[in-house]
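Participant: Okay, handing you the structure first.
The values are calculated or read from the model by the stated rules, or taken from the named source; none is laboratory data. Predicted, not measured: the structure shown is a model, and the values here were computed from it. Backbone-built Cβ (ideal geometry, glycine too); neighbour counts: all protein chains shown.
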Amino acid sequence: MANKNKKVKSEKPLKKSFTHEDVEETDPLDHPENYFNRELSWLDFNYRVIDEANDLDNPFLEQLNFIAIGSSNLDEFFMVRVAGVYDQYLAGVEISENKTYMSPKTLLKEIQKSNQRNITEQYRRYHELIHYLPNYGYQIKRMAALNEEEVQSVKEYFDQMILPTLSPIGIDAYKAFPHLINKAINIMVVLEKDGATFRALVPVPPLLDRYKILIGSNQQTIVFTEDIMIHFIDSIFEGYTVTEAFPFRITRNADFNIREEGASDLLAVIEDYVKQRRNGMAIRLEIDSSYGLNSDSETINFLCDELELELTNVYHIDGPLDLTYLFNLIDLVGEKNPQALYKPFEGFLNPKHLGLDLFESIKEKDLFFHHPYDSFQPVVSFIETAAEDPRTIAIKQTLYRVSKNSPIIAALKRAAENGKEVTVLVELKARFDEENNVFWARELEEAGCHVLYGMSDLKTHSKITLIIQKEDDKIQRYVHLGTGNYNEKTAKQYTDMGIMSKDEELTDDASKFFNYLSGYAQRPEYKHLHVSPFEIRDSLLDYIEEEINFHQEFGNGRIIAKMNSLTDKTIIKKLYEASQAGVEIDLIIRGICCLKPGVPGLSETIRVRSIVGRLLEHSRVYYFNRNNERHLFLSSADMMTRNMIQRVEIEFPILDQTIEARIIDILQMQLDDTLKARELQPSGDYTRPDRELVKLNSQEAMIKDAQQRTEALKLEQAATATKDSQQKATTPTATADVEPAPTKESWFARLLRWFKQ
């Protein structure tokens, strides 16, 4: 599986904007009708997330969780993607992107239309679900629905805890409109006095609890802080008559370019960048219209003028703003109602994959981990053990997103303190994790680690760890390569794959990779790895072309690709060519897909499915049949332009045939999924597959498999302990050269051996 004839194509950077001249294409595959727009495809994905709240197979609180996830996703989408389109619109860019060739203005209108559909469905289901909340001991009430005793209790809370923290801001010709915190809730107030009209803002302090809980004998009652404030708003503006009061929230542009050239201290540059993001231009205004506000209210026009927003950027919400409050509520309710949550499970953990035994296991064969079905603990142990092992000379690792109390960071610090050579690339440009990563970078430096900050203008998104040890007067290297972050928290929520190996060619490639990142070496020639920018895209194009040739000769062309998103036009066109040649192609794409499947004459043999379920599908797998010789890669990169030409990513082959077969089985199980999969139609609609014959939830099936492996291991351990105890009891005190009788392998030992294959 070595890359013997790898071709590295030279490429010009993609244009950041397009004009009508760019639309004059001669290639029929360039026609805009052949593609879905990236932003609109993402909104379709978020609709699938929200739609999981309608699946009654999901426990009640998990249905609410999908509602909250939809809101969290949308906030980031607006801060980054919509903000970028809005920047194009303001800059007068004619064409937004190079596939559908929509103008920014048209695209913003389509985004508003699709998102309004999503929000309508989200809040419809939200209100349905909240109606059942009393079955679990909680209820949500507005102030108007409380009895006198409850109102008095809330009044005391308002006077003691809320009122002292409030800072009402009057707005007039002599006072500039205040700067509002991104995503924070504010109360807009319209006042009258002596026939004159006045306006004021009351920000809801971000550190206040989102709601007050009133303890009852049978039910706990939840009242939102913004509703409490509006109910008692008169006490804030004594002498004035309040004629209008409603909550609103703005979202700001968080999509800034980090200019690294000439920056003497990248840490300071990143910190400044984070501050800029807090002050970005407003790009969305959400208004809680449940307070009786008319959509043509003069106050809305006033807010739009002050925030420099058009009315198309305004969303009227029928209910509480920012449904991410549900995350905390779910935790609260779930403590007393575990039956309303998914049943917890622990990933399979082989004790031989911990500590020094882990390294002995790697010496025997490559190890494969499919998280969270396989525990993430061996990955943590890989670094922790190396940090303490006197044989370890050096540890090298890339970090993109880590947890706040990361055991991996702690292990790296211990390794440096123990005299190991520790080199860590911390990607400071990991969006929304910049502050966390700046903190860890300083911590690692203070501990004595060599900290790299990535390559100029490129994000390092690779997931790789290299451990170098001295064993028996020779150097032995071990490598971990994965599709997901070194984050033990998200490893329980995201599905990712990884391998550990001592293969000399793989570990030599890993050494070249780190030397390239840390020094001034020219881009190396790798034996097995493909490293972007450009090289991963080139390799995929070559393998697709190769599959076309195999199909034309043998008629068995087959491609399976699993990823988060597919947006790269060059790759999509090549997949269209493969389909036109007759190659069978299955794509498992969780999120964005700009390719149109099943179009006669274009993509008839391409099928696309999205799996949205309990776990976030995050692994990237690329499989090519190659006339049954099979070529299978895992990667940190999606088939997205940004991953292939704007990031440092790694694509690595699976060299062990047993591991390769297991991954193919996993892919096939996901292709057979009927309960959590949705199939993309040429129209852009996602439809459920037929459930008549087979009902399969691939994620639950793999959870069950992990539990069965764990139970089989427990049985084997119990049997071994019993056998050892019996042998100890029957062993004579004198030593005798007696050969033990052969024992028959037990069924559970056979089962365990089967799972280990």
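Participant: Out of curiosity, is F60 in contact with a Cys (Cβ under 9 Å, 6 or more places away or on another chain) and not hydroxyl-bearing (S, T, Y)?
Facilitator: On the way: in contact with a Cys (Cβ under 9 Å, 6 or more places away or on another chain): no; not hydroxyl-bearing (S, T, Y): yes.
Judged against the criteria, F60 is not a match.
Each row is one residue, and each column tells you yes or no for (1) of a type in the set (V, I, T); (2) touching a strand residue (DSSP E or B) at 6+ places or on another chain (Cβ under 7 Å).
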position	(1), (2)
N135	no, no
Y138	no, yes
N147	no, no
Q152	no, no
I171	yes, yes
L180	no, yes
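Participant: Another one. Pairs needed: first member in the stretch 374-389, touching a residue at least 12 places away in the same chain (Cβ under 8 Å) and at negative phi; second member anywhere, basic (K, R) and in a loop (DSSP other than H, G, I, E, B); C-beta distance under 7 Å; at least 6 residues apart or different chains.
Facilitator: A387/K420
Participant: Which condition number does Y622 fail, the rest of (1) touching a residue at least 60 places away in the same chain (Cβ under 8 Å); (2) surrounded by fewer than 20 Cβ atoms within 10 Å (Cβ to Cβ); (3) under 18 Å from L529 (Cβ atoms) being met?
Facilitator: All conditions are met except number (2).
Participant: Could you please give the count of residues in the stretch 556-572 that are among the hydrophobic types (A, V, I, L, M, F, W, C) and assigned to a helix (DSSP H, G or I)? Write out each step before concluding.
Facilitator: From the stretch 556-572, those among the hydrophobic types (A, V, I, L, M, F, W, C) are 559-561, 563, 566, 571-572; that's our starting set.
Okay, now just the ones that are also assigned to a helix (DSSP H, G or I), so 571-572.
Residues in the stretch 556-572 being among the hydrophobic types (A, V, I, L, M, F, W, C) and assigned to a helix (DSSP H, G or I): 2 in total.
Participant: Report, by residue number, each residue of the stretch 191-206 that is closer than 17 Å to I233 by Cα and surrounded by fewer than 13 Cβ atoms within 10 Å (Cβ to Cβ).
Facilitator: First, the residues of the stretch 191-206 that are closer than 17 Å to I233 by Cα: 191-193, 197-205.
Selection gives K193, T197.
Participant: Just to check your reading of the model, which residue among I548, I559 is more than 29 Å from the chain's Cα centre (by Cα), among the aliphatic types (A, V, I, L, M) and buried (at least 18 other Cβ atoms within 10 Å of the Cβ)? If you could, list the steps in order and put the result at the bottom.
Facilitator: Values: I559 fails: more than 29 Å from the chain's Cα centre (by Cα).
Residue meeting the stated conditions: I548.
Participant: Do we find that S698 is out of contact with any helix residue (DSSP H, G or I) (no Cβ under 9 Å at 6 or more places or on another chain) and either among the hydroxyl-bearing types (S, T, Y) or touching a residue at least 24 places away in the same chain (Cβ under 8 Å) (or both) in this structure?
Facilitator: no
Participant: With the condition kept exactly as written, say whether any residue in the stretch 573-581 is part of a loop (DSSP other than H, G, I, E, B) and modelled with pLDDT of 95 or more. Don't jump to the end; show me each part of the working.
Facilitator: The initial filter retains those residues of the stretch 573-581 that are part of a loop (DSSP other than H, G, I, E, B), namely 581.
Retained after the next criterion (residues that are modelled with pLDDT of 95 or more): 581.
Within the stretch 573-581, one or more residues are part of a loop (DSSP other than H, G, I, E, B) and modelled with pLDDT of 95 or more.
Participant: Being closer than 28 Å to F369 by Cα and touching a Ser or Thr at 6+ places or on another chain (Cβ under 7 Å) is the filter here; which residues of the stretch 450-467 pass it?
Facilitator: L452, G454, T460, H461, S462, K463, I464, L466, I467
Participant: Same structure again: Could you please find all residues in the stretch 312-356 being outside any loop (DSSP other than H, G, I, E, B) and closer than 30 Å to K105 by Cβ? Walk me through it before giving the result.
Facilitator: Let us first name the residues in the stretch 312-356 that are outside any loop (DSSP other than H, G, I, E, B), namely 312-317, 325-336, 338-340, 348, 351-353, 355-356.
Within the stretch 312-356, T312, N313, V314, Y315, H316, I317 meet the criteria.
Participant: Does S698 satisfy the criteria of being under 25 Å from Y516 (Cβ atoms) and among the small types (G, A, S)? Working first, answer last.
Facilitator: Details: under 25 Å from Y516 (Cβ atoms): no; among the small types (G, A, S): yes.
So S698 does not fit the description; no.
Participant: I'm trying to understand the selection: among the residues of the stretch 445-480, which are at pLDDT 90 or above and within 16 Å of R647 (Cβ to Cβ)?
Facilitator: S462, K463, I464
Participant: Right, R537: of a type in the set (K, R) and in contact with an Asp or Glu (Cβ under 6 Å, 6 or more places away or on another chain) or not?
Facilitator: Working: of a type in the set (K, R): yes; in contact with an Asp or Glu (Cβ under 6 Å, 6 or more places away or on another chain): no.
No: the conditions fail for R537.
Participant: Suppose we filter the stretch 100-146 for residues that are basic (K, R), within 29 Å of the chain's Cα centre (by Cα) and under 27 Å from I69 (Cβ atoms); how many remain? Break it down into steps so the answer makes sense when it comes.
Facilitator: Within the stretch 100-146, the first condition is being basic (K, R), and the residues that meet it are 105, 109, 113, 117, 124-125, 141-142.
In the following step, the residues that additionally are within 29 Å of the chain's Cα centre (by Cα) were identified as 105, 109, 113, 117, 124-125.
Filter once more, keeping what is under 27 Å from I69 (Cβ atoms): 109, 113, 117, 124-125.
Count: 5.
Participant: Condition test on Y291, is it more than 22 Å from R614 (Cα to Cα) and either of a type in the set (S, T, Y) or touching a Leu at 6+ places or on another chain (Cβ under 6 Å) (or both)? Walk me through it before giving the result.
Facilitator: Details: more than 22 Å from R614 (Cα to Cα): yes; either of a type in the set (S, T, Y) or touching a Leu at 6+ places or on another chain (Cβ under 6 Å) (or both): yes.
Considered against the rule, which asks whether it is more than 22 Å from R614 (Cα to Cα) and either of a type in the set (S, T, Y) or touching a Leu at 6+ places or on another chain (Cβ under 6 Å) (or both), Y291 comes out as yes.
Participant: Is it the case that G613 is of a type outside the set (K, R), touching a helix residue (DSSP H, G or I) at 6+ places or on another chain (Cβ under 8 Å) and over 26 Å from N98 (Cα atoms)?
Facilitator: Values: of a type outside the set (K, R): yes; touching a helix residue (DSSP H, G or I) at 6+ places or on another chain (Cβ under 8 Å): yes; over 26 Å from N98 (Cα atoms): yes.
Yes; evaluated as a whole, the condition is true for this residue.
Participant: To continue, here is another question. With the requirement that a residue be within 30 Å of E62 (Cα to Cα) and surrounded by fewer than 17 Cβ atoms within 10 Å (Cβ to Cβ), what does the stretch 448-500 give you?
Facilitator: K489, K492, Q493
Participant: Under 8 Å by Cβ, and 6 or more places apart or on different chains, what pairs join a residue from the stretch 207-226 that is surrounded by 20 or more Cβ atoms within 10 Å (Cβ to Cβ) with one that is in a loop (DSSP other than H, G, I, E, B) and among the β-branched types (V, I, T)?
Facilitator: From the stretch 207-226, the pairs are T225/V204; E226/V204.
Participant: Here is a follow-up. From E525, E535, E584, which residue is out of contact with any Gly (no Cβ under 7 Å at 6 or more places or on another chain), crowded, with 16+ Cβ neighbours inside 10 Å and of a type outside the set (A, V, I, L, M, F, W, C)? Break it down stepwise before answering.
Facilitator: On the way: E525 fails: crowded, with 16+ Cβ neighbours inside 10 Å; E584 fails: out of contact with any Gly (no Cβ under 7 Å at 6 or more places or on another chain).
The match here is E535.
Participant: Also: Residues in the stretch 625-641 that are over 14 Å from A561 (Cα atoms) and without any contact (Cβ under 8 Å) to a residue 60 or more places away in the chain: how many?
Facilitator: Counting residues in the stretch 625-641 that are over 14 Å from A561 (Cα atoms) and without any contact (Cβ under 8 Å) to a residue 60 or more places away in the chain gives 1.
Participant: Every residue in the stretch 676-714 that is surrounded by fewer than 16 Cβ atoms within 10 Å (Cβ to Cβ) and more than 29 Å from the chain's Cα centre (by Cα), please.
Facilitator: Selection gives E692, L693, V694, E711, K714.
Participant: Would you mind stating whether K109 is surrounded by fewer than 17 Cβ atoms within 10 Å (Cβ to Cβ), touching a helix residue (DSSP H, G or I) at 6+ places or on another chain (Cβ under 7 Å) and over 22 Å from L326 (Cα atoms)?
Facilitator: On the way: surrounded by fewer than 17 Cβ atoms within 10 Å (Cβ to Cβ): yes; touching a helix residue (DSSP H, G or I) at 6+ places or on another chain (Cβ under 7 Å): yes; over 22 Å from L326 (Cα atoms): yes.
Judged against the criteria, K109 is a match.
Participant: OK, next. Of all the residues that make up the stretch 626-675, how many are more than 30 Å from Q397 (Cα to Cα) and crowded, with 22+ Cβ neighbours inside 10 Å?
Facilitator: Number of matching residues: 2.
Participant: Let me ask something else. Kindly check whether there is at least one residue in the stretch 12-34 that is in contact with a helix residue (DSSP H, G or I) (Cβ under 7 Å, 6 or more places away or on another chain), farther than 15 Å from G613 by Cα and at pLDDT below 90.
Facilitator: Yes, the stretch 12-34 contains at least one residue that is in contact with a helix residue (DSSP H, G or I) (Cβ under 7 Å, 6 or more places away or on another chain), farther than 15 Å from G613 by Cα and at pLDDT below 90.
Participant: Answer with yes or no whether R537 is modelled with pLDDT under 95 and basic (K, R).
Facilitator: Working: modelled with pLDDT under 95: no; basic (K, R): yes.
It is false that R537 is modelled with pLDDT under 95 and basic (K, R).
Participant: Can you spot a residue in the stretch 513-525 that is assigned by TED's automatic domain parsing to the domain that holds F359 and under 18 Å from L367 (Cβ atoms)?
Facilitator: no
Participant: Before we move on, is D318 of a type in the set (D, E) and surrounded by fewer than 13 Cβ atoms within 10 Å (Cβ to Cβ)? Even if it seems obvious, please write down each step before you answer.
Facilitator: Details: of a type in the set (D, E): yes; surrounded by fewer than 13 Cβ atoms within 10 Å (Cβ to Cβ): no.
It is false that D318 is of a type in the set (D, E) and surrounded by fewer than 13 Cβ atoms within 10 Å (Cβ to Cβ).
Participant: Filter the helices (runs of 4 or more DSSP H) completely within the stretch 51-152 down to those with at least 2 residues that are under 23 Å from N218 (Cα atoms). Spell out the reasoning first.
Facilitator: Details: elements: 60-77, 83-91, 104-131.
Hits in the stretch 51-152: 60-77, 104-131.
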